[in-house]
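The values are calculated or read from the model by the stated rules, or taken from the named source; none is laboratory data. Just so it is clear, the structure is predicted and the values come from calculations on it, not from any experiment. Here the Cβ positions follow ideal geometry from the backbone for every residue, glycine too, while neighbour counts run over all protein chains shown.
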Protein chains: 4
Amino acid sequence: MTDFVFRRQFAIEWGHCDPAGIVFNSRFFEFFDRSAWLMFEAALGVAPHELSKAYDIVGIPLVGAQAKFIAPAKFGDVADMESRIIEIRRSSFDVEHRMFIGGTLAVEGLEKRVWASRHPDDPLRMKARAIPDEVVAKFKEV
Amino acid sequence: MTDFVFRRQFAIEWGHCDPAGIVFNSRFFEFFDRSAWLMFEAALGVAPHELSKAYDIVGIPLVGAQAKFIAPAKFGDVADMESRIIEIRRSSFDVEHRMFIGGTLAVEGLEKRVWASRHPDDPLRMKARAIPDEVVAKFKEV
Amino acid sequence: MTDFVFRRQFAIEWGHCDPAGIVFNSRFFEFFDRSAWLMFEAALGVAPHELSKAYDIVGIPLVGAQAKFIAPAKFGDVADMESRIIEIRRSSFDVEHRMFIGGTLAVEGLEKRVWASRHPDDPLRMKARAIPDEVVAKFKEV
Amino acid sequence: MTDFVFRRQFAIEWGHCDPAGIVFNSRFFEFFDRSAWLMFEAALGVAPHELSKAYDIVGIPLVGAQAKFIAPAKFGDVADMESRIIEIRRSSFDVEHRMFIGGTLAVEGLEKRVWASRHPDDPLRMKARAIPDEVVAKFKEV
C-alpha cells in the first residue's frame, strides 16, 4: 500500500439519486473515476487533462471496477471520500476508494487501472506500459 | 446457478462514450441494472415498475457491483448481453452479466442484490426479506 | 418542414428517474440525441458511427437544445418518440422531438445542429459546412 | 430581473465528455440543475434537501429547459457559472445560467421552474403554488 491519500468532500446532488431517494449505483463509479484523476493531480502536480501529454500515455484506463454498498447515500448528504493506491505493479495499479457519510463508511470501491499508451495497431485499443519510477516514488513519499 | 438466461441486444450510443472513444465505465453499471430489471420481467412476467407492488418489496437494491473490462466497446458497436442469477440465497442473489461484441466477451459484470422491504424505522433504509419460493422456482425452471 | 419522420419506442428505466419518481431532465436530452442519430441512420442508410466517414464531417454538433416538459414520465412508462427535421438551412438544421406517453404529448424538444467538419486550426473546434444536396433530398422524399 | 447572483466554479471531468472530447450536451442540464439548487441554498439559507420541508413543497420542478452552446467545454476546463432568477411570476420563475471558460461565455442556459406542491389526487403529479413573499424578497435584496 502506498502512503499517499487523496481526500475530497462533495455533496450528493438531486440528479445523482433514483426513485428510492438514494444514489443510483452507476454514479459511484463516476465519483471513483473523478477521485482517481484528482489523486493523480494531487500526487504528481499534473492536471488530469495534461496527464496524457506529461507522461506520453493515452490515459489510465480501467480494467476492473467494483463497489460494496454498505449504507445508502441520499440527496444532501455530504460525502468524504478517501482514495489511495493500494497496489502498484509494473504497468497497472489498484485504487481503493472509501466514501464516508457522517463519519460512517457508506461505500467501498476498488478500481484496477493500467498505465497505457495508444496501441500501435489500433487507435481504440491500448497497450500497457511500465509506470515510471518517478510516478511510483510520488505515491510512496508523503 | 439457475437455468434462466435473459438476453438483450442494444447499440452503444454516442453519449455512452468518453474522449477515448469508448464506453465510460459507469455506463456499464447502467446496462447491468437495466438487464437485471428486464431479467426479472422475463422470468416472472411482472413489469419492472410493478415488481415492488407484486411482491410487497421496496425493490432489489444492490449491495455490491463489479465489472471486468476485457475489450473496449465503442460508438456503434452492437452489444449482446446475457444475464443470469448465478446464486440465490435466502434473501439475496447474485446476477452475472456478460456483454459480447461481435461474439467476443467484452465485459463481465456481477451484481449482488437483496430482496428488500422498506425498513420499518427508516424510509430510506431497507430490510432483507426471504425470496418467495415461487420466485426462486421461476429462475430454476426453463 | 421535411417529410421524413423517425419513430422509436422505448421504456423509461429506473436509472432515468430522480427522487420525485420521474425522469430527470438531463435524460431527455440523451433521448433526443439518440433519436437524432437514429433518424439520420433511417433517412440516409448510414450507421451513426459511420456518418462522420461517409460525409467527411466531424459530426452533427449541437448549438442549441431545448425541452418543454408537459407531463411527467415515470419508471415503466413506454415512450413513443417522433423526430423530424423541421428546418434545413445551408449548414445547419433543427430537429423537433415529440415524446408521447400513452398517446399524450409529454415532452417537446428542439435541437439546433450544425453539419460540421473539423476546424483546420483547432481539433476541438468545428466549422460549419454546406449540407450536401443528396442529404437534404433524403429528408424531403418519403 | 432579481439582484441575487449565485456563482460557482468547477472543473470539467473526463466522464462529462464525449468522443469529440467536449462536454456531452445532457451534462450541461445537470450543471444547471445543480446551480439552481445551490442558488436557492445561497439565497434562502436552506439546504437543497431541506427546501421541500422548509416550504412545504414537493420541489421546484422544471417545465422547460434550454441551452445555447457557444463555445466548446473540454476535459480540464475550469467553468465559472453564474445563475440568477431573471423573472419571478406568481408560482413560477425563470433561472438564467451563464457558463464562462477562461472569461469567455461558452454556454447560456434557461430553466423554467414551478414552485410546486404534491398534487392532491396523484403523487406523481405536482400542483403550482404561490411563491411566498419572503422567498421573492430574498432574491431581490442583496
- Task: Among residues belonging to the range C:125-136 that are not charged (D, E, K, R) and not in a strand (DSSP E or B), point out the one that is farthest from residue C:4 (Cα to Cα).
- Result: C:130
- Counted residues, the range A:31-51 - those being surrounded by fewer than 20 Cβ atoms within 10 Å (Cβ to Cβ), under 20 Å from residue A:64 (Cα atoms) and not aliphatic (A, V, I, L, M): 0
- For the range B:115-138, enumerate the residues that are free of Cβ contacts under 8 Å to residues at least 40 places away in the same chain and within 16 Å of residue A:69 (Cα to Cα). B:124, B:125, B:127, B:128
- Message: Being within 20 Å of residue B:114 (Cβ to Cβ) and out of contact with any helix residue (DSSP H, G or I) (no Cβ under 9 Å at 6 or more places or on another chain) is true for just one of B:80, B:94, B:33. Which residue is that?
- Response: B:94
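Does residue A:108 count as touching a residue at least 24 places away in the same chain (Cβ under 8 Å) and within 14 Å of another protein chain (Cβ to nearest Cβ)? Step through it out loud before you land on a result.
Values: touching a residue at least 24 places away in the same chain (Cβ under 8 Å): yes; within 14 Å of another protein chain (Cβ to nearest Cβ): yes.
Here the answer is yes, as residue A:108 does meet what is asked.
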- Kindly list the number of the only condition in (1) in a helix (DSSP H, G or I); (2) modelled with pLDDT under 95; (3) closer than 28 Å to residue B:37 by Cβ that fails for residue A:53. (3)
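Conditions (1) in a strand (DSSP E or B); (2) within 10 Å of another protein chain (Cβ to nearest Cβ); (3) closer than 19 Å to residue A:36 by Cβ, marked per residue:
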{"residue": "A:66", "(1), (2), (3)": "yes, yes, yes"}
{"residue": "A:76", "(1), (2), (3)": "no, yes, no"}
{"residue": "A:79", "(1), (2), (3)": "yes, no, yes"}
{"residue": "A:84", "(1), (2), (3)": "yes, no, yes"}
{"residue": "A:87", "(1), (2), (3)": "yes, no, yes"}
{"residue": "A:118", "(1), (2), (3)": "yes, yes, no"}
{"residue": "A:123", "(1), (2), (3)": "yes, yes, no"}
{"residue": "A:138", "(1), (2), (3)": "no, no, yes"}
- Task: Would you check which residues across the range A:1-26 are part of a strand (DSSP E or B) and charged (D, E, K, R) and list them?
- Result: A:7, A:8
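With respect to residue A:111, is the statement that it is among the charged types (D, E, K, R), in contact with a strand residue (DSSP E or B) (Cβ under 9 Å, 6 or more places away or on another chain) and in a helix (DSSP H, G or I) true?
Against the criterion (among the charged types (D, E, K, R), in contact with a strand residue (DSSP E or B) (Cβ under 9 Å, 6 or more places away or on another chain) and in a helix (DSSP H, G or I)), residue A:111 does not qualify.
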- Residue in the range C:81-106 that is surrounded by the most Cβ atoms within 10 Å (Cβ to Cβ), counting only those that are in contact with a Lys or Arg (Cβ under 7 Å, 6 or more places away or on another chain) and of a type outside the set (Phe, Trp, Tyr): C:95
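Would you please name the residue that is nearest to the chain's Cα centre (by Cα), looking only at residues in the range A:50-64 that are within 13 Å of chain D (Cβ to nearest Cβ) and in contact (Cβ under 8 Å) with a residue 60 or more places away in the chain? Working first, answer last.
Initial filter on the range A:50-64 (within 13 Å of chain D (Cβ to nearest Cβ)): A:50-54, A:58-62.
When the remaining residues are screened for being in contact (Cβ under 8 Å) with a residue 60 or more places away in the chain, the result is A:58-59, A:61.
Working: A:58: 16, A:59: 12, A:61: 10 Å.
Restricting to residues being within 13 Å of chain D (Cβ to nearest Cβ) and in contact (Cβ under 8 Å) with a residue 60 or more places away in the chain, the top hit is A:61.
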- Give me a count of the residues in the range D:72-103 that are out of contact with any strand residue (DSSP E or B) (no Cβ under 7 Å at 6 or more places or on another chain) and of a type outside the set (Gly, Ala, Ser). 3
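If you check residue C:96 against the conditions, is it touching a residue at least 40 places away in the same chain (Cβ under 8 Å) and part of a strand (DSSP E or B)?
Working: touching a residue at least 40 places away in the same chain (Cβ under 8 Å): no; part of a strand (DSSP E or B): yes.
For residue C:96, the condition - touching a residue at least 40 places away in the same chain (Cβ under 8 Å) and part of a strand (DSSP E or B) - is not met.
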- Task: Could you tell me whether the range A:27-49 includes any residue that is polar (S, T, N, Q), part of a helix (DSSP H, G or I) and at pLDDT below 95?
- Result: no
- Query: Could you list, in sequence order, the residues of the range D:1-49 that are free of Cβ contacts under 8 Å to residues at least 12 places away in the same chain, under 29 Å from residue D:134 (Cβ atoms), more than 10 Å from chain A (Cβ to nearest Cβ) and among the hydrophobic types (A, V, I, L, M, F, W, C)?
  - Reply: D:46
